[in-house]
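Peer 1: Before I ask anything, here is the structure I am working with.
Laboratory data are not the source of any read-out in this text; all were calculated from the coordinates shown. This one's a predicted model, so the numbers in the text were calculated from it and none came from an experiment. No Cβ is skipped: glycine too gets one built from the backbone with ideal geometry, and neighbour counts run over all protein chains shown.
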Amino acid sequence: MQLHWSPKSPYVRKVMVCAHELGVAPQLQLVRSVAAMLKPNAQLMQDNPLSKIPTLVLDNGRTLFDSAVICEYLNDLAQGTLFPQAPDQRWRSLRWHALGDGFLDALILWRNERERAAPLAPLVAAFELKAQACLQQLEREVAELAPAPLCVGQVAIACALGYIDYRFHDLGWRAQAPQLAAWHHTLVQRPSFQATEPVDG
Ligand SMILES: N[C@@H](CCC(=O)N[C@@H](CS)C(=O)NCC(=O)O)C(=O)O
């Protein structure tokens with residue numbers, strides 16, 4: 001299987017953390033692909049018309065995207081437990097997954113806007129408000145998040161927090177969400193997170 005990949009993308013990181021946890025990372029051939037919102041990548045678009053990473057190309061030539069679908073595919077392949085089956089745990093994990101991904105979406109849009117020559121102030125303010133609200137919500141949920149068996153929802157949330165560390169040094173999120181920070185600190189000691197730390201270049 002080929003994975004359109006970058007060492008910087010937090011959505012790719014989520015897939016790679018799952019792959020490591022599931023023991024299928026060695027089956028992935030990583031293809032370094034550049035995906036930028038303002039520069040659609042013609043080669044990548046042959047596999048994903050949205051020009052986004054991660055995109056998975058299966059050995060039979062079929063393609064899978066986005067990251068949520070790829071994580072679920074890898075979990076099925078390995079018959080893993082990152083997508084819990086029991087209804088309560090399943091919906092809880094899927095909700096955390098959506099919260100982690102949505103948090104990331106807001107952070108990335110915020111960063112894109114604030115880096116423009118003339119950022120639109122109301123847009124920057126709206127993305128910042130949403131990101132702060134996600135942090136506060138997660139701090140309220142940490143008592144449930146921390147003891148839950150490892151699932152894709154926690155991986156998504158941890159990747160969003162890792163993206164803050166990578167791109168928003170000035171945010172000081174640990175002071176705002178200290179219990180979440182403690183949970184995150186413990187989780188990222190796992191080899192799957194250590195192996196997927198974002199790097200430039
Ligand atoms: N919902 C998608 C989001 C993926 C995404 O936006 N990836 C970024 C890289 S971090 C990308 O490919 N951006 C290029 C673009 O938006 O055109 C997923 O979960 O896979």
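Peer 1: Residue farthest toward the positive end of the dipole of segment 9-125, with Cβ of Lys/Arg at +1 and Asp/Glu at -1: which of Val34, Ala78, Gln89?
Peer 2: The Cα lying farthest towards the positive end belongs to Val34.
Peer 1: In percent, how large is the relative contact order of segment 99-201, given Cα pairs closer than 8 Å and 6 or more residues apart?
Peer 2: Reported relative contact order: 32 percent.
Peer 1: With +1 on each Lys and Arg Cβ and -1 on each Asp and Glu Cβ, how big is the dipole of segment 1-56 about its Cα centre, in debye rounded to the nearest 20?
Peer 2: 220
Peer 1: Using Cα pairs under 8 angstrom and six or more residues apart, how large is the relative contact order of the chain, in percent?
Peer 2: Once normalised by length, the contact order is 26 percent.
Peer 1: At what distance in nm do the modelled label points of Asp59 and Leu38 sit from each other, each positioned 7 Å from its Cα along Cα→Cβ?
Peer 2: 4.2
Peer 1: Hey, another quick one. Would you look at the GNM of the chain, springs on alpha carbons closer than 10 Å, and say which of Gly61, Gly80, Gly102 moves the most?
Peer 2: Highest fluctuation of the listed residues: Gly61.
Peer 1: Further question on the same structure: Please say if segment 1-106 is rounded, prolate or oblate, where rounded means a/c under 1.5 for a ≥ b ≥ c the square roots of the C-alpha gyration tensor eigenvalues, and otherwise the choice is prolate for a/b larger than b/c and oblate otherwise?
Peer 2: The shape class here is oblate.
Peer 1: Only Lys, Arg, Asp and Glu count, each charged at its Cβ (+1, +1, -1, -1), so figure out the dipole size of the chain about its Cα centre, rounded to 20 debye.
Peer 2: In total the dipole reaches around 240 debye.
Peer 1: So what's the gap between the Cα centers of segment 97-156 and segment 163-201, to the nearest angstrom?
Peer 2: Taking the Cα centre of segment 163-201 as reference, the centre of segment 97-156 is 13 Å away.
Peer 1: Taking the Cβ-Cβ separation of Arg174 and Gln2 as r and a Förster radius of 35 Å, what is the calculated FRET efficiency to the nearest 0.05?
Peer 2: Efficiency for this residue pair is about 0.40.
Peer 1: Something else about it: Among Val24, Val15, Val155, determine the one that fluctuates most according to a GNM of the chain built with springs between C-alpha atoms less than 10 Å apart.
Peer 2: Answer for the Gaussian network model of the chain: Val24.
Peer 1: Ok, one more. Cα gyration tensor of the chain, axes a ≥ b ≥ c as square roots of the eigenvalues: rounded (a/c below 1.5), prolate (a/b > b/c) or oblate?
Peer 2: oblate
Peer 1: With a point put 7 Å past each Cα toward its Cβ, work out how far Ala118 is from Arg140 in nm, to one decimal.
Peer 2: Label-label distance for Ala118 and Arg140, simple model: 3.9 nm.
Peer 1: Another one. Using a Gaussian network model on the chain with a 10 Å cutoff between Cα atoms, which of Glu115, Glu141, Glu128 fluctuates the most?
Peer 2: Greatest mean-square fluctuation among the candidates belongs to Glu115.
Peer 1: Test of the criteria: in segment 16-63, which trypsin sites (Lys or Arg not before Pro) are in a DSSP loop and have at most 10 other Cβ atoms within 10 angstrom of their Cβ?
Peer 2: Arg62
Peer 1: Could you tell me the relative contact order of segment 11-114? Use alpha-carbon pairs under 8 Å, at least six residues apart, and round to a whole percent.
Peer 2: 24
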